[in-house]
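Values quoted throughout were computed directly from the atomic coordinates according to the rules given, and no laboratory measurement underlies them. Please read these numbers as outputs of a predicted model, since none were measured by experiment. Heads up, the Cβs are rebuilt from the backbone with ideal geometry, glycines too, and the neighbour counts pull from every protein chain shown.
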Amino acid sequence: MILITGASGFIGKKLLPLIKKEYPKKDVFILDKKRHDLVSGRGLGKVPKNPNLVFHLAAATDTSKRDQRCNDLGTRNLLNALSEIGPKTHFIFTCSQAIFSDRHDTKNPISEKTKPAINNKYGETKLEAEKMLLAESKKKGFKLTIIRLPTVWGDNPRKNSFLNFLKSLVDKNSIFSRLNWPGKVALINVEDAARFILDAAQKPAKITSIAVENLTLAEIFQIKVPKFVWDLARKLRPYLKYFEPILPIKIFNYFWRASIVVDSPLSCKVNLKGTKFTTISKKHER
């Protein structure tokens with residue numbers, strides 16, 4: 001038995017057909033958000049208690065909203081529902097490199113050894129989910145793979161995704177899209193991400209951070225800003241986290257998104273060798 005959460009999401013829509021093709025003789029149980037609610041626990045009593053393979057993709061991914069409980073509480077409720085999992089179960093969890101958005105050593109790319117440093121609720125809840133999974137894996141003995149995903153791009157992303165957000169600014173001719181933001185952000189195409197997650201089922205690993213390429217927005221949108229402006233922005237970035245509780249969340253999210261391209265906190269070690277990458281600039285031509 002294979003269980004998948006988030007099958008109707010951006011990555012899930014690409015992953016589900018691959019799962020069915022790779023495991024044609026296996027039953028696949030899909031947590032449908034209309035029938036199963038991870039936050040309230042509604043419908044989770046009907047979830048298989050001991051699947052052989054779990055792909056946990058479901059998450060609150062819109063950082064402009066305050067309610068991120070699907071990430072941590074949802075994971076806790078899922079674990080409670082999977083009451084009989086043990087050594088025969090392999091649990092694959094998709095985390096986010098947003099858990100590094102407050103790191104200071106941005107000259108070196110993210111790797112498996114990079115310590116989390118968070119500055120918003122989204123990263124906090126994703127990291128909390130990691131911690132509870134690691135604790136439960138140690139307690140119950142199931143195999144655990146945590147995949148820390150970078151920014152995922154491709155056709156038909158969710159409405160408020162980071163790159164869709166940038167595209168909307170381009171369409172509006174916003175000054176935000178015309179600045180030479182110097183920070184690098186790790187990227188992966190949604191189809192590459194889905195294949196990597198599927199491959200992880202055959203190659204269990206404790207924690208891995210992946211990326212295909214790192215790009216700056218300055219490689220897409222160009223206007224020169226004096227260096228001292230970016231230097232000041234870098235110095236102010238560590239204090240951003242103190243403003244989340246007091247600012248309207250949509251305003252805070254605007255600044256948080258800007259903070260991850262001021263510096264390079266989300267630049268990751270490129271470790272998918274031989275993967276052909278189509279640059280975003282081709283996707284977002286004016």
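For ALA135 and LYS46, the difference between the fully extended length at 0.36 nm per residue and the C-alpha to C-alpha distance is 29.6 nm. Largest first, the three principal axis extents of the alpha carbons in region 11-139 are 47, 32, 30 Å in whole numbers. Can you figure out the FRET efficiency of SER64 with ALA205, using R₀ = 35 Å and their beta-carbon distance, to the nearest 0.05? Efficiency, from the Cβ-Cβ distance: 0.65.
Stretched out straight at 0.36 nm per residue, the stretch from ARG35 to ASN156 would grow longer than its current Cα-Cα span by 41.1 nm. With angles folded into 0 to 90 degrees, how steeply does helix 69-81 sit against the dominant principal axis of the chain? Use alpha carbons for both and round to 10. Approximately 10 degrees, to the nearest ten.
For the chain, modelled as a GNM whose springs connect Cα atoms under 10 angstrom apart, the maximal fluctuation among ALA135, ALA98, ALA186 occurs at ALA135.
Quick check: pseudo-label points 7 Å beyond the Cα along Cα→Cβ at LYS25 and GLU84, how many nm apart are they? With each label point 7 Å from Cα toward Cβ, the separation is 2.2 nm.
Couplings 3J(HN,Hα) for region 32-49, derived from phi with the Karplus relation 6.51 cos²θ - 1.76 cosθ + 1.60 (θ = phi - 60°), are 8, 5, 6, 10, 10, 10, 5, 6, 8, x, 4, x, 6, x, 9, 6, x, 7 Hz, where x marks Gly and Pro.
When the Cα convex hull of region 42-81 is projected onto planes of every orientation, the mean area is 3.2 nm². Taking amide H atoms as placed 1.01 Å from N in the peptide plane, the amide H of GLU213 lies under 5 Å from those of LEU187, each 5 or more residues away in sequence or on another chain. Inter-label distance, ARG195 to ASP231: 4.4 nm, where each label sits 7 Å from its Cα along the C-beta direction.
Compared with the dominant Cα axis of the chain, that is its longest principal axis, helix 227-236 is turned about 40°. Taking GluC sites (Glu not before Pro) in DSSP loop conformation with at most 16 other Cβ atoms inside 10 Å as exposed sites, the chain has its longest uninterrupted site-free stretch at 113-284.
To the nearest ten degrees, helix 121-140 and the longest principal axis of the Cα atoms of the chain are 30 degrees apart. Close amide H pairs (under 5 Å, H built 1.01 Å from N) link LEU149 with CYS95, SER96, GLN97, residues at least 5 positions away or on another chain. If you look at the Cα atoms of region 92-153, you get an Rg and a Dmax of 12.4, 38 Å.
Considering just Cα atoms, how many Å³ per residue does the convex hull of region 1-76 enclose?
Hull volume over Cα atoms, normalised by residue count, gives 89 Å³.
The gain in end-to-end length when the SER111 to ALA258 segment is fully stretched comes to 50.7 nm, 0.36 nm per residue minus the alpha carbon separation. Only helices enter this figure: runs of n ≥ 4 DSSP H residues, each worth -39500 (n - 2.57), summed and divided by the residues of the chain, yield -10000 deg cm²/dmol at 222 nm to the nearest 500. On a per residue basis, the convex hull of the C-alpha atoms belonging to the chain measures out at 132 Å³.
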